[in-house]
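Reading through the structure tokens given below for one structure.
The values are calculated or read from the model by the stated rules, or taken from the named source; none is laboratory data. In this text the structure is predicted, and so the values were computed from the model without any measurement. Counting neighbours? That spans all protein chains shown, and the Cβs are built from the backbone with ideal geometry, glycine included. To get the accessible areas, we keep the full protein, side chains included, count just its heavy atoms, and leave off ligands, DNA and RNA. Shrake-Rupley method; radii C 1.70, N 1.55, O 1.52, S 1.80 Å.
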2 protein chains.
Amino acid sequence: MKITPMTQSLVLHFGEMGSRWGLNRTLGQMYAVIVLTEAPLNADQISEALQISRSNVSMGLKELKSWNLIKLHHIPGDRKEYFSAPSDIWEIARTLVVERRKRELDPTLSTLRDALMEQPSNESDEYAQMRVKQMHDLMEMVTLWSNEMQGMSSEKLSALLKLGEGISKILDVKDKLLLR
Amino acid sequence: MKITPMTQSLVLHFGEMGSRWGLNRTLGQMYAVIVLTEAPLNADQISEALQISRSNVSMGLKELKSWNLIKLHHIPGDRKEYFSAPSDIWEIARTLVVERRKRELDPTLSTLRDALMEQPSNESDEYAQMRVKQMHDLMEMVTLWSNEMQGMSSEKLSALLKLGEGISKILDVKDKLLLR
DNA sequence: CTGAATTTTCAGTAATTTGTGAAAATTGTA
DNA sequence: TACAATTTTCACAAATTACTGAAAATTCAG
């Protein structure tokens, strides 16, 4: 598959960013080309578009699947598998947040809980445990939000984000409002 | 500096997670030991506690400084520099969000803007540009939030996060409330 | 200003991560 | 079931990233 110069430069950029996003260069490039192309693509097309080996594409797809970021299609009369990204960008964002939470927060939350169960052996352990408690509570709240987000419709999510600076005002009046 | 078993296991865990957090193993370990220790530490103490070279610590501190994650102290009569983490965990979280946004979103936002300025050369470019527009708008909203967060007090931030599932309800009644 | 203490830099090496081709496994159709 | 098409796995190679010790630079007390 040929790729337009515009897509090409976006793909390169997403490759660069991929590493900063917990993925890696190839994964970033692969997802870019999938997101930016309307028709579902098969592994060979991706391999050709990005000039990477077929086996590398296979591994990349495996990982994108584990992130729930791609949809699988079958084209009648064609044995190949075709892949596309969700058409709703909010769905992609929601998935990214949830999956990153699973990878970045959940394991730590569990380690922090373990540390809280331990008996502090001295003063410095007591301090450490106090810090652990703070981190734990904060991360638990973030987890709650991420769960909340998971269940929100794209419309609602969009409305929430659009609040932007309005959020501060809302916080100020929230108590009054909810008491009615 | 000796390190208690409890701190030790937390440090190891944060090392593992470090890589998932856009830092790296050593950076994760370094920040863990700094956050979990009450007294500010100097480079030699960190080097000893983590069993890594003095030069590695120097490079790590440089990076932690660039993330605005550590505070510098001087102890009278001692020429060494001492480092600590903010005592307010919310401040740490706020800084992390802002710095990650700088690294993960800002460069992409600018690339997306560039792509939007270009003249689509054909139908597939038109589709790509439509996707770019969606991503751009979404990321811009997230940026707005991150800026908002930057200016929020720890108390307010905490209150906001505590809303948790309440956020949905608030969204539902927001229009009514703000119209009064 | 001198020089000892301290921090930073950097070139080389070590460790880790990523990518490939070939072979194995799987899939689906005839 | 047989077999060709397709996908996956995996051992090795390539590329990238992280770590070290030695040397250079900086800092500051006297």
Just A:SER66, A:SER153, A:SER168 to compare: in a GNM of chain A, with alpha carbon springs under 10 Å, which one fluctuates most? A:SER168
At 0.36 nm per residue, and after removing the present C-alpha to C-alpha distance, how many nm does the segment from A:SER66 to A:SER168 gain when stretched out fully? 33.1 nm
Apply 1/(1 + (r/R0)^6) to the Cβ-Cβ distance of B:GLU104 and A:ASP88, taking R0 = 22 Å, and write down the FRET efficiency to the nearest 0.05. 0.55
If amide hydrogens are placed 1.01 Å from N in the peptide plane, which non-local residues have theirs closer than 5 Å to the one on B:ILE52? none
Let me know the mean shielding of B:126-134 by other chains, meaning the per-residue number of their Cβ atoms within 10 Å of its Cβ. 5
Whole-number accessible area per residue in Å² for the protein assembly as shown, which is evaluated in the context of all protein chains at 1.4 Å: 52
For region B:89-162, max minus min Cα coordinate along each principal axis, in Å, sorted largest first? 51, 21, 13
Place the label 7 angstrom along Cα→C-beta at A:ASP44 and in each other copy, then list the distances from the first to the rest in nm, shortest first. 6.6
Kindly give Rg over Rh for the protein assembly as shown, based on alpha-carbon atoms, with the Kirkwood expression for the hydrodynamic radius. 1.01
Using modelled backbone amide H atoms (1.01 Å from N, in-plane), which distant-in-sequence or interchain residues come within less than 5 Å of A:GLU81's amide H? A:ALA43
Protection-proxy order for peptides A:102-115, B:89-102, each taking the mean of Cβ atoms within 10 Å per residue, highest first: B:89-102, A:102-115
Rg over Rh [alpha-carbon atoms, Kirkwood Rh] for chain B: 1.10
Residue separation between A:THR143 and A:ASP114 times 0.36 nm, minus their alpha-carbon distance, gives in nm 8.7 nm
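What does the average come to when, for each residue of peptide A:156-163, you count the partner chain Cβ atoms lying within 10 Å of its Cβ?
That works out to 5 on average.
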Which of B:LEU161, B:VAL142, B:SER124, positive extreme of dipole for region B:89-162 (C-beta unit charges): B:LEU161
Count neighbours as other Cβ atoms within 10 Å of each site's Cβ, and list the trypsin sites (Lys or Arg not before Pro) in region B:1-59 that are DSSP loop with at most 13 such neighbours. B:LYS2
So how far apart, in nm, are the two label points at B:ASN56 and A:GLU16 if each is 7 Å from Cα heading toward Cβ? 3.0
In whole Hz, what ³J(HN,Hα) sequence does region A:150-159 give by Karplus (6.51, -1.76, 1.60; θ = phi - 60°), x for Gly and Pro? 4, x, 8, 5, 4, 4, 5, 4, 4, 4
Average partner chain C-beta neighbours within 10 Å, per residue of A:18-31? 1
